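These notes are about the structure you will find just below.
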Amino acid sequence: MGGTSFSSSSSYSSLSSSTYAYAILKLQVGSSNTGRSLQRDLNRIAESADISTSKGFNYVLQETIVALLWHSDYCISGYSSVTIIVAARGVPDLPLIKSNEQLKKAFQKLASISSSNIMGVEVLWTPQKEDDSLTEQQMLKDYPLLRPL
């Protein structure tokens with residue numbers, strides 16, 4: 001039994017300098033389908049990642065996407081929000097997300113970015129404590145751009 005999933009429209013910014021042309025991609029996902037085990041997985045990824053290399057950034061990106069997909073079918077009474085920000089060269093736009101299928105496609109696009117093109121990755125999630133969650137009211141107040149899928 002699934003809960004309500006939320007996802008904002010994704011963001012894409014293209015930047016260039018005399019040395020590099022790159023994009024900043026942002027995908028924010030909120031879900032009632034996440035829980036303590038997702039928070040535990042995200043904490044594990046953050047603690048074990050070596051983000052001094054592009055391979056380390058790729059590890060964070062890949063593992064975060066796998067964790068979000070893995071936990072997409074669980075339902076609890078609370079909510080969590082996960083934001084993935086990627087700076088990379090040669091990346092496609094993320095689609096406007098209006099369905100779970102489009103969310104999975106956005107995950108696939110992020111996962112397909114070559115580690116040699118990744119310049120940085122940041123994953124933010126709230127709440128971080130494994131025994132904590134947001135109420136639906138908190139979720140809607142703190143993340144007004146998230147929309148039901």
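Rule-based calculations on the coordinates, nothing more; no lab input. Just so it is clear, the model here is predicted, and its values are computed rather than measured. Counting neighbours? That spans all protein chains shown, and the Cβs are built from the backbone with ideal geometry, glycine included.
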Any idea how far apart Leu145 and Ser116 come out in nm if each label point goes 7 Å out from Cα toward Cβ?
-> 3.2 nm
Stretched out fully, how many nm does the piece from Ser99 to Arg40 gain, at 0.36 nm a residue minus the Cα gap?
-> 18.6 nm
FRET E, pair Asp50, Glu136, Förster distance 30 Å, beta-carbon r, rounded to 0.05 = 0.25
Whichever lysines have a C-alpha closer than 20 Å to that of Lys26, once near sequence neighbours (fewer than 8 apart) are set aside | Lys55, Lys98, Lys104, Lys105, Lys109, Lys141
